[in-house]
Amino acid sequence: MALRFFNTYSREIEEFEPRDATARPIRMYTCGPTIYSRAHIGNFRAYIFEDLLQRHLELRGYKVRRVMNITDVEDKTIRGARETGIPLQKFTEQFKDAFFEDAQMLRIKRADEYPAATDQRYIDRMIEMISVLISKELAYQADDKSVYFRLNKFPDYGKLALFDLTQLQSTGRVKHDEYDKEHIGDFALWKAWDEADGDVKWDSPWGPGRPGWHIECSAMSMALLGDQIDIHCGGVDNIFPHHEAEIAQSEGVTGKKFVRYWLHCAHLLVDGQKMAKSLGNFYTVPEVLAKGYIGRELRYALLRVHYRVPLNFTWEGMNEARESLARIDDWLARLRQIAKNGNVQRLTTAFEDALDDDLNISAALGFLFESIRETNRAMDQNKMDAASASDWLDWWKRINTVLDLEAGADVVIPHEVAQLAEERETARREKNWKRSDELRERISALGWEVRDTKDGPKLTRGAGSA
């Protein structure tokens, strides 16, 4: 099956045809965090979708060069630095470090580049792009000394978000009532310095100031990936105004189509509601892990729903993720007991075929668990030979390059739990069933479950431990 993706620009499922897959890697740009606070699990839902996309492209034989920006200068970062009384770089560094810690915990592959908007080489590129836009009369300096993009000179503006320019409202990112812009929708390319910015400023032909939010991504993407890229990703909230502005700026400078495929991830809800601190349902990765879960469980919970469908995060869903991973773990353990070296036969490609269809992860996981059911049944009936078990393990190794869900170092059984499990096994051998049940309850109280299998007792995190 050919790879197919839903292109936000056309609102259609399109067969994936990179500009030139034989001559260079797939060029992929993903919008990264604005580091004014710790990223929340809604942000990481998008980052895991992008991770899945890259891994599947690589599974299908493509080389991928991915760039993810770090937005370290923007209204919120400047306000946060000012309110805490520390320099901008020091303020943002803590959240940048936290982002990488959380991404590693969720097994997200590192991008090839993480450009920061404050890097002087990208500031220079932004100034260069703005100068070109002014020379083409696509931008102008207003009375407030800031530079704005002239929307009425770019007729394709609005095609990504599907709206009429005449219906455009101010985005609130500029104080539009303090000066006379040519059009209320004209967005800032360069923001003139004011006292609220403190020492955050760079010299430019238009006076001291700082870049607008949108020009940052255009400049960093074009500097590292070239004038035209294959795939640009982000959350649906990025479609307007951010990605719409990126298209206008980039194509305004080059006259070339900026992005071939736009892919956007739907929102994450919490218990059916929008995540908000005021509702008490706003969670970061450490806050989820503090409830007794581990990184791969949260990864699975954020991965398992198709990226274009809103994902409803619940603690019940986290427990279901734990149970699903326990099924995979048990299945692998059984296969490994049977497996031996043998001739590996290529099994079905149904998992990969499902992901070929606009990353249909729900169908792919459905096939995985149907395979687990069938192979477990074969093992129960002693109908699984060693060579077949090896084949299935090889198949798992292949699809896990995409999922990255196998148990690893993040599953640590506490010493107390392991000791209680050993005592319980001794009680069972002695047929002291009362003592065995008491120890099971003590293990459960510590957030773990012990299951008796024909291969011996297995410890897993309990569904109620969070």
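The values are calculated or read from the model by the stated rules, or taken from the named source; none is laboratory data. What you see is a predicted model; the values in this text were computed from it and never measured. All Cβ positions, even for glycine, are placed from backbone atoms using ideal geometry, and neighbour counts span all protein chains on display. Just so you know, the surface numbers come from the protein's heavy atoms only, side chains and all, with ligands and any DNA or RNA stripped out. Shrake-Rupley method; radii C 1.70, N 1.55, O 1.52, S 1.80 Å.
Which residue, chosen from 126, 365, 208, occupies the Cα position most advanced towards the positive end of the dipole of the chain, where the dipole is computed from +1 (Lys, Arg) and -1 (Asp, Glu) charges on Cβ about the Cα centre? Of the options given, the answer is 365.
What is the range 206-351 by shape, rounded, prolate or oblate, if you read a ≥ b ≥ c off the alpha carbon gyration tensor as root eigenvalues and call it rounded for a/c under 1.5, prolate for a/b larger than b/c, and oblate otherwise? Oblate. Label point of residue 17 set 7 angstrom out along Cα-Cβ; within the range 208-235, amide nitrogens under 20 Å from it belong to 228-232. Helix 315-338 against the longest principal axis of the chain: what's the angle in degrees, Cα atoms only, rounded to the nearest 10? In the chain, helix 315-338 runs at an angle near 50 degrees to the longest axis. With a cut-off of 11 Å, note down the residues of the range 253-267 whose backbone N falls inside the zone around a label point 7 Å from the Cα of residue 156 toward its beta carbon. Residues 253-260 fall inside that zone. Rolling a 1.4 angstrom probe over the protein heavy atoms with all chains in place gives the chain an accessible area of 46 Å² per residue.
Apolar share of the accessible surface for the range 174-322: 49 percent from carbon plus sulfur atoms, 1.4 Å probe. Fully extending the segment from residue 24 to residue 406, taken as 0.36 nm per residue of separation minus the present Cα-Cα distance, adds 134.4 nm. Charge tally around residue 265: other residues with Cβ under 9 Å, Lys/Arg +1 each, Asp/Glu -1 each, net +1.
So between residue 413 and residue 378, what do we pick up on full extension, going 0.36 nm a residue minus the alpha carbon distance?
Difference between extended and current length: 9.6 nm.
Compared with the dominant Cα axis of the chain, that is its longest principal axis, helix 120-135 is turned about 50°. For the chain, a Kirkwood hydrodynamic radius built from all Cα pairs, placed in the Stokes-Einstein relation at 10 °C and 1.306 mPa s, yields a translational diffusion coefficient of 64 µm²/s. What's the carbon and sulfur percent of the range 361-435's accessible surface, probe 1.4 angstrom, rounded to a whole number? The value for the range 361-435 is 49 percent carbon and sulfur by accessible area.
Full extension of the chain segment joining residue 329 with residue 37 gains 101.6 nm, where the gain is 0.36 nm per residue of separation less the Cα-Cα distance. Using R0 = 60 Å, the C-beta based FRET efficiency linking residue 166 and residue 435 works out to 0.15.
What part of the accessible area of the range 1-116, given as a whole %, is carbon or sulfur when the probe is 1.4 angstrom? Exposed carbon and sulfur together represent 44 percent of the surface.
Here is how the number arises for the chain: DSSP H runs of 4 or more residues each give -39500 (n - 2.57), the sum is divided by the residue count, and the result at 222 nm is -13500 deg cm²/dmol.
How big is the antiparallel share of DSSP beta bridges in the range 1-150, given as a percent to the nearest 5?
Approximately 45 percent, going by the DSSP bridge assignments.
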